[in-house]
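Engineer: One structure follows; several queries about it will come next.
The values are calculated or read from the model by the stated rules, or taken from the named source; none is laboratory data. Everything numeric here is computed off the predicted structure, so don't read it as measured data. All Cβ positions, even for glycine, are placed from backbone atoms using ideal geometry, and neighbour counts span all protein chains on display. Quick note on the areas: whole protein, heavy atoms, side chains included, nothing else; ligands and nucleic acids left out. Shrake-Rupley method; radii C 1.70, N 1.55, O 1.52, S 1.80 Å.
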Amino acid sequence: MKVLVPIKRVIDYNVKVRVKPDHSNVDLANTKMAINPFCEIAIEEAVRLKEAGIATEVIAISIGDKSCQEQLRTALALGADRAIQIETDESLDALNIAKLLQKVVEEEQPQLVILGKQSIDSDNNQTGQMLAALTGMPQGTFASEVKFDGDKVNVTREVDGGLQTLALNLPAIVTTDLRLNEPRYASLPNIMKAKRKPLVVRPAADFGIDLSPRTKLLKVTPPAERKAGVIVESIDELVDKLKNEAKVIS
Amino acid sequence: MSILVIVEHDNGSLKTETLKTVGAAQKIGGDITLLVAGFNCQNVVDAAAKINGVKKVLVCDNAAYEHQLAENISLLVTGLAADYEHILATALTTGKNFMPRVAALLDVAQISDIIAVESSDTFVRPIYAGNAIATVQSLDSKKVITVRTTGFDAVATDGNAEVVTLDTVTDAGISSHVSDEFTVSERPDLGAATVIISGGRGMQNGENFKLLDGIADKLGAAIGASRAAVDAGFVPNDMQVGQTGKIVAPDLYIAVGISGAIQHLAGMKDSKVIVAINKDPEAPIFQVADYGIVADLFEALPELESKL
Ligand SMILES: Cc1cc2nc3c(=O)[nH]c(=O)nc-3n(C[C@H](O)[C@H](O)[C@H](O)COP(=O)(O)OP(=O)(O)OC[C@H]3O[C@@H](n4cnc5c(N)ncnc54)[C@H](O)[C@@H]3O)c2cc1C
């Protein structure tokens, strides 16, 4: 069984993003970048499926400019067998990303596509569901457990009320939540080995899809700052402030 | 203009967050139709018909919709879409699950998690865990939107909308429900509570979360948690507040033994009043707290409970 893992290069999760002074966008110049944490969990899950003898091949794919090859190499170091970069300098809407992935799904015919539930930059939480719609596959989003059972996969999902388990026909799309697994670190020998694993670059334009933007970013502003408050000296003072100053308790 | 709002519910009751999504629909302006898709969900239909400013409630009551399977709901919604310029759902796990599927089937983009409406095609939404706020224009003829409830006021519920029953059944037949493991609690939902008290890694174990119970009882509060507390198995996942958990904005948020990572702040920094209890005076949570107390939580919590 082939597993396809789409991944995204994003700002490192420890870094607080800055907004450009002209409010045209955020400023990512000289910012530390990394694999989106949810995508890292997706790679880990795919690699574990291979180690368990369920997956036969793990293919990592990323859509972006040349810089995302760095994240694809990391995916290879973590255990993916080969990588595909779909090259574009544009920042594409999730729908267009899903359309490109759909083409690759048609070519590769994976039984499972596993990807992060959201990217920590755009916070959209869309790509997996959109890819599922375009390919007609069932979806198991926000997964905290993935279990194969014959020609089905059981996915336990983190939902508002707790956990929900669904059975999906294969092929299927799974999007990862935080507690699906704890990703490993790439070892030095594996990082070296990854340099020799195949990474194919394909221009986005070659897929013959209309990739014109569906949304327009008009401006990006910093959020309203909260004023730092006061440090109270005692619980009595705290209770008094909450009652008489903030008036949020009675 | 016509707007379709998909009602969030659990078959038994309507989630009050829907009232805020209708509030967002009113900001867009136009005739508002609600869709209740579920199974044995008459209570929800009755509640939906009372929501103010709603013209019509469409009802699809069928086993195919009992568990809100995205494959089935998305087919239903896309089948109805021709009549509407805007389709809205609440940005909770159900809407987040099926709405992008609706958008892709309609070949349009989705605008996720809006917190304000600028015009009928332009919306405001947080990005980068709320560290930047984007104003985005949709270039599609149809707009598929999820609404972050902390951005909008709930509408009142003394209306009387017409109820129309549909007998459409869209069962994709590619997914099925196996089981649920829902947390049962007497406390208010995190999304509906006006007071929330949350514990973090500083609580040390699940047993110690009981220290929050007495305070929550006295304040009528919901109990939340940081990711670290959930990952460590102290409490279940549905209690997680943050960028990738629940987004809340109560009148009062009390963070106990939580350091204040950006991913946690993303879920609670729009609360009206924030209180932080932490033994580390340098903890970043104090930068957003209106009232901070540098103290050992194991001493502070019992004292706070006794003085409320
Ligand atoms: C992709 C991604 C998504 C994430 N999403 C979320 C999310 O949705 N929600 C979320 O919360 N986190 C999220 N995180 C995790 C986040 O980065 C932090 O790791 C997490 O919030 C830390 O939880 P904490 O504050 O409880 O733990 P810590 O950072 O370990 O802080 C514990 C605090 O407790 C204090 N403390 C310890 N003992 C005591 C005591 N006896 N009395 C008083 N104070 C004490 C300490 O001083 C410290 O400040 C996410 C991370 C990633 C990478």
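Engineer: Residues in the range B:169-189 that are modelled with pLDDT under 95 and either in contact with a strand residue (DSSP E or B) (Cβ under 6 Å, 6 or more places away or on another chain) or not in a loop (DSSP other than H, G, I, E, B) (or both): how many?
Structural biologist: Count: 4.
Engineer: Would you point out the residue of the range B:230-282, among those that are of a type in the set (Asp, Glu) and under 22 Å from the mean Cα position of the chain (by Cα), that is nearest to residue B:220 (Cα to Cα)?
Structural biologist: Here the residue is B:251.
Engineer: Taking the range B:279-300 only, how many residues are more than 9 Å from the ligand (Cβ to nearest atom) and in a helix (DSSP H, G or I)?
Structural biologist: 2
Engineer: Out of B:202, B:233, B:224, I need the residue that is in a strand (DSSP E or B) and either more than 8 Å from chain A (Cβ to nearest Cβ) or within 8 Å of the ligand (Cβ to nearest atom) (or both). Which one?
Structural biologist: B:224
Engineer: Return yes when residue A:87 is over 24 Å from residue A:183 (Cβ atoms) and touching a Pro at 6+ places or on another chain (Cβ under 8 Å) and no when it is not.
Structural biologist: Here the answer is yes, as residue A:87 does meet what is asked.
Engineer: Here is a further query. Residue B:207 is checked against (1) surrounded by fewer than 22 Cβ atoms within 10 Å (Cβ to Cβ); (2) within 13 Å of the ligand (Cβ to nearest atom) and fails just one. What number does that condition carry?
Structural biologist: (2)
Engineer: Answer with yes or no whether residue A:161 is modelled with pLDDT under 95 and either touching a strand residue (DSSP E or B) at 6+ places or on another chain (Cβ under 8 Å) or over 27 Å from residue B:108 (Cβ atoms) (or both).
Structural biologist: yes
Engineer: So which strands (runs of 3 or more DSSP E) stay within the range A:1-116 end to end and still have 1 or more residues that are closer than 21 Å to residue A:196 by Cβ and in contact with a helix residue (DSSP H, G or I) (Cβ under 7 Å, 6 or more places away or on another chain)?
Structural biologist: A:2-6, A:33-35, A:57-64, A:82-87
Engineer: Still on this model: Name the residues in the range B:118-142 that are more than 7 Å from every other protein chain (Cβ to nearest Cβ) and surrounded by fewer than 22 Cβ atoms within 10 Å (Cβ to Cβ), would you?
Structural biologist: Within the range B:118-142, B:118, B:119, B:120, B:121, B:124, B:141, B:142 qualify.
Engineer: Go through (1) within 16 Å of the ligand (Cβ to nearest atom); (2) open to solvent by 40 Å² or more (accessible area, probe 1.4 Å) for residue A:177 and report which single condition fails.
Structural biologist: (2)
Okay, residues lined up against (1) within 11 Å of another protein chain (Cβ to nearest Cβ); (2) open to solvent by 10 Å² or more (accessible area, probe 1.4 Å); (3) free of Cβ contacts under 8 Å to residues at least 24 places away in the same chain:
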{"position": "A:2", "(1), (2), (3)": "no, yes, no"}
{"position": "A:10", "(1), (2), (3)": "yes, no, no"}
{"position": "A:32", "(1), (2), (3)": "no, yes, yes"}
{"position": "A:36", "(1), (2), (3)": "no, no, no"}
{"position": "A:43", "(1), (2), (3)": "no, no, no"}
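Engineer: In the range A:13-22, what residues are aliphatic (A, V, I, L, M) and either touching a Lys or Arg at 6+ places or on another chain (Cβ under 6 Å) or open to solvent by 40 Å² or more (accessible area, probe 1.4 Å) (or both)?
Structural biologist: A:15
Engineer: Starting from the range B:1-23, take each residue that is free of Cβ contacts under 8 Å to residues at least 40 places away in the same chain and list its partners that are open to solvent by less than 20 Å² (accessible area, probe 1.4 Å) and in a loop (DSSP other than H, G, I, E, B), counting only C-beta distances under 7 angstrom and pairs at least six apart or across chains.
Structural biologist: Cβ pairs passing all conditions: B:9/B:41; B:14/B:7.
Engineer: Could you please find all residues in the range B:277-308 being among the small types (Gly, Ala, Ser) and within 9 Å of chain A (Cβ to nearest Cβ)?
Structural biologist: Listed by number, the residues that qualify are B:289, B:292, B:295, B:300, B:306.
Engineer: Can you tell me how many residues within the range A:117-140 are within 7 Å of chain B (Cβ to nearest Cβ) and assigned to a strand (DSSP E or B)?
Structural biologist: 1
Engineer: Ok, one more. Where in the range A:141-224 are there strands (runs of 3 or more DSSP E), lying wholly inside it, with at least 1 residues that are at the interface with chain B (Cβ under 7 Å from one of its Cβ atoms) and basic (Lys, Arg)?
Structural biologist: Where strands (runs of 3 or more DSSP E) fall fully within the range A:141-224 and carry at least 1 residues being at the interface with chain B (Cβ under 7 Å from one of its Cβ atoms) and basic (Lys, Arg), they are A:215-221.
Engineer: Identify the single condition in (1) near the ligand (Cβ under 9 Å from one of its atoms); (2) touching a residue at least 40 places away in the same chain (Cβ under 8 Å); (3) among the small types (Gly, Ala, Ser); (4) more than 9 Å from chain A (Cβ to nearest Cβ) that residue B:271 does not satisfy, given that it satisfies every other one.
Structural biologist: Against the list (1) near the ligand (Cβ under 9 Å from one of its atoms); (2) touching a residue at least 40 places away in the same chain (Cβ under 8 Å); (3) among the small types (Gly, Ala, Ser); (4) more than 9 Å from chain A (Cβ to nearest Cβ), residue B:271 comes up short only on (1).
Engineer: What residue, among those in the range B:145-199 that are within 10 Å of another protein chain (Cβ to nearest Cβ) and among the aliphatic types (A, V, I, L, M), is farthest from residue A:132 (Cα to Cα)?
Structural biologist: B:195
Engineer: crowded, with 24+ Cβ neighbours inside 10 Å and closer than 20 Å to residue A:123 by Cβ, is that true of residue B:265?
Structural biologist: On the way: crowded, with 24+ Cβ neighbours inside 10 Å: yes; closer than 20 Å to residue A:123 by Cβ: yes.
Here the answer is yes, as residue B:265 does meet what is asked.
Engineer: To continue, here is another question. Among the residues of the range A:72-80, is any closer than 26 Å to residue A:208 by Cα and either at pLDDT 95 or above or open to solvent by less than 10 Å² (accessible area, probe 1.4 Å) (or both)?
Structural biologist: Checked against the condition, which is being closer than 26 Å to residue A:208 by Cα and either at pLDDT 95 or above or open to solvent by less than 10 Å² (accessible area, probe 1.4 Å) (or both), the range A:72-80 yields at least one hit.
Engineer: Right, something else. Kindly evaluate residue A:25 against the criterion of being surrounded by fewer than 23 Cβ atoms within 10 Å (Cβ to Cβ) and modelled with pLDDT under 95.
Structural biologist: On the way: surrounded by fewer than 23 Cβ atoms within 10 Å (Cβ to Cβ): yes; modelled with pLDDT under 95: no.
For residue A:25, the condition - surrounded by fewer than 23 Cβ atoms within 10 Å (Cβ to Cβ) and modelled with pLDDT under 95 - is not met.
Engineer: Going by what's in this entry, would residue A:182 be described as modelled with pLDDT of 95 or more, in contact with a helix residue (DSSP H, G or I) (Cβ under 8 Å, 6 or more places away or on another chain) and buried (at least 22 other Cβ atoms within 10 Å of the Cβ)?
Structural biologist: no
Engineer: Of everything in the range B:249-261 that's surrounded by fewer than 24 Cβ atoms within 10 Å (Cβ to Cβ) and more than 7 Å from the ligand (Cβ to nearest atom), which residue is farthest from the other protein chains (Cβ to nearest Cβ)?
Structural biologist: The selected residue is B:249.
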